[in-house]
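Quick notes on the structure that follows.
The values are calculated or read from the model by the stated rules, or taken from the named source; none is laboratory data. Predicted model only: the values in this text are computed from it and were never measured. So basically every Cβ, Gly included, is an ideal-geometry build from the backbone, and we count neighbours across all protein chains shown.
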Amino acid sequence: MFWKKKNLIADVIENKCDNCKRCVQICRHRALETAVVQQKTFTFVNYPERCTGCGKCVKICPNQAIELIERYC
Ligand code: SF4
Ligand code: SF4
C-alpha cells in the first residue's frame, strides 16, 4: 500500500472535465481512468485505494476539474 498524504483523495468534477486524459497520464499510481459508460465518456478515480493525494493531477488539469477532498474510503 502506498503512503497516503493527509488523508486526501482526488475527485473529478464531472461537468468541468473534457476527458483530455492529462491526469490519467500523469498519475504514476494509475488511480485515474477514462472510460465510456452508456455511450458517455467519463474520467474518474477508478482505483481510490491507489491515490496518494499527491495532487499532481490537480496541477496538470487545464480545466480545474480535479480537487483533493477528504478520503471517503
Ligand atoms: S486533466 Fe482535467 S479535464 Fe483532463 S481528463 Fe483529467 S480531470 Fe478531465
Ligand atoms: S492525487 Fe496523485 S495519486 Fe491521486 S489520482 Fe492524482 S496524481 Fe494520482
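Quick notes on this structure:
- Criterion: surrounded by fewer than 18 Cβ atoms within 10 Å (Cβ to Cβ) and at pLDDT below 95 - qualifying residue of Glu49, Glu67: Glu49
- Considering residues of the stretch 51-73 that are part of a loop (DSSP other than H, G, I, E, B) and closer than 13 Å to Val12 by Cβ only, the residue nearest to ligand 2 (Cβ to nearest atom): Cys51
- Selection status of Thr43, more than 8 Å from ligand 2 (Cβ to nearest atom) and surrounded by 16 or more Cβ atoms within 10 Å (Cβ to Cβ): yes
- Any hit, the stretch 21-37, residues being surrounded by 13 or more Cβ atoms within 10 Å (Cβ to Cβ), in contact (Cβ under 8 Å) with a residue 40 or more places away in the chain and assigned to a loop (DSSP other than H, G, I, E, B): no
- Residue within the stretch 41-50 that is of a type in the set (Asp, Glu) and in a strand (DSSP E or B) present: no
- Subset of the stretch 16-73 [on the phi > 0 side of the Ramachandran plot and more than 13 Å from ligand 1 (Cβ to nearest atom)]: Arg30, Gln38, Gln39, Gly53
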